[in-house]
1. Look at the stretch 99-143 and say how many of its residues are basic (K, R), away from the ligand (no atom under 16 Å from the Cβ) and farther than 21 Å from E70 by Cβ.
2. Restricting to the stretch 28-62, and then to whatever is over 22 Å from M181 (Cα atoms) and under 16 Å from the mean Cα position of the chain (by Cα), can you tell me which residue is surrounded by the fewest Cβ atoms within 10 Å (Cβ to Cβ)?
3. Tell me the residue from L87, L109, L99, L80 that is crowded, with 17+ Cβ neighbours inside 10 Å and more than 19 Å from A42 (Cβ to Cβ), please.
4. Could you check the stretch 158-193 and list, in sequence order, the residues that are of a type in the set (D, E, K, R) and under 15 Å from L140 (Cα atoms)?
5. Looking only at the stretch 25-44, which residues are in contact (Cβ under 8 Å) with a residue 24 or more places away in the chain and over 11 Å from I86 (Cβ atoms)?
6. Checking A124 against (1) more than 17 Å from E162 (Cα to Cα); (2) among the small types (G, A, S); (3) in contact (Cβ under 8 Å) with a residue 24 or more places away in the chain, which single condition isn't satisfied?
7. Among (1) in contact with a His (Cβ under 7 Å, 6 or more places away or on another chain); (2) crowded, with 17+ Cβ neighbours inside 10 Å, there is one condition P149 misses while meeting the rest; what is its number?
8. If you take the residues in the stretch 144-193 that are touching a residue at least 12 places away in the same chain (Cβ under 8 Å) and of a type in the set (D, E), which one is farthest from the ligand (Cβ to nearest atom)?
Amino acid sequence: MRTPIAVFASGTGSNFQALVEHMENRETSYRIVLLVCDRPDAPVLQKAEQFGIKALALRPKDYPTKEAYEEEILGQLKTLGVKWIILAGYMRLIGRTLLQSYPQRIVNLHPSLLPAFPGKDAIAQAFRYGVKVTGVTVHLVDEGLDSGPILAQKAVSIQEGESLGRITEKIHHTEHLLYPMVVDRLVREGIIVEGRKVTWLGSASQADMGNMPEFQ
Ligand code: GAR
């Protein structure tokens, strides 16, 4: 039996698509039963329709408080038996309502090697800073901004003269490989969290996941 998960996204949805394709092509541990989107005009909604995945599009402005907005989402998650929340370009801080209902069960993808370059435009932040190595981080969500315990990271090197566009392409390619693999293993095998330290159970390890070849 595959574990029901929900993906939250706000934009293009290329990582949502990677998660769906992974699920369709393999015996994954997870099954995406809901896409939650906070922007009713976001292209990710068309992707959900194309793949036949139920979508919930909400406008946070339509709710008096963040709690009310998240209660609405929570109702749907409970109805569908969702066990994990997977953020894929969801550009909104998760509030208390969802954090308390899904403790250590909300996962985020971020396009830098955290704790460097949290927040928006992380790829451009790293590019402008002039780092020689950047990358991708998958982490648990806490009340902070891109600050929860780290599950997996993959480095992406920046060559001299490379454009921001090229680096963005390399980062996205890396995300599309890393995220579905990490989510699949997380749901299948689980983790132990002690403070900021995450230990993978089963055969999964950060070393395995970080070992995939770097995209050039
Ligand atoms: C991804 O690069 C993801 O890492 C980033 O948003 C992009 C969404 O792309 N997330 C963050 O910056 C979170 N702080 P997508 O809509 O094509 O999947």
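1. Going residue by residue through the stretch 99-143, those that are basic (K, R) are 105, 120, 128, 132.
Imposing the further condition that a residue be away from the ligand (no atom under 16 Å from the Cβ) reduces the set to 105, 132.
Keeping just the survivors that are farther than 21 Å from E70 by Cβ gives 132.
Matching residues across the stretch 99-143 total 1.
2. Across the stretch 28-62, the extreme among qualifying residues is D38.
3. Details: L87 fails: more than 19 Å from A42 (Cβ to Cβ); L109 fails: more than 19 Å from A42 (Cβ to Cβ); L80 fails: crowded, with 17+ Cβ neighbours inside 10 Å.
Result: L99 is the single residue among L87, L109, L99, L80 that is crowded, with 17+ Cβ neighbours inside 10 Å and more than 19 Å from A42 (Cβ to Cβ).
4. The first filter runs over the stretch 158-193 and keeps only residues of a type in the set (D, E, K, R), leaving 160, 162, 166, 169-170, 175, 184-185, 188-189.
Hits for the stretch 158-193 are D184, R185.
5. Residues satisfying the conditions are R26, T28, S29, R31, V33, C37, D38, R39, A42, P43, V44.
6. (1)
7. If we test P149 against (1) in contact with a His (Cβ under 7 Å, 6 or more places away or on another chain); (2) crowded, with 17+ Cβ neighbours inside 10 Å, just (2) comes out false.
8. Step one: of the stretch 144-193, the residues touching a residue at least 12 places away in the same chain (Cβ under 8 Å) are 145-158, 164, 167-168, 170-191, 193.
Then drop every residue that is not of a type in the set (D, E), which leaves 146, 175, 184, 189.
Details: D146: 5, E175: 6, D184: 17, E189: 23 Å.
Only one residue tops the list, namely E189.
The values are calculated or read from the model by the stated rules, or taken from the named source; none is laboratory data. Source: prediction; values computed, not measured. Every residue, glycine as well, gets a Cβ built from its backbone with ideal geometry; the counts of neighbours run over all protein chains shown.
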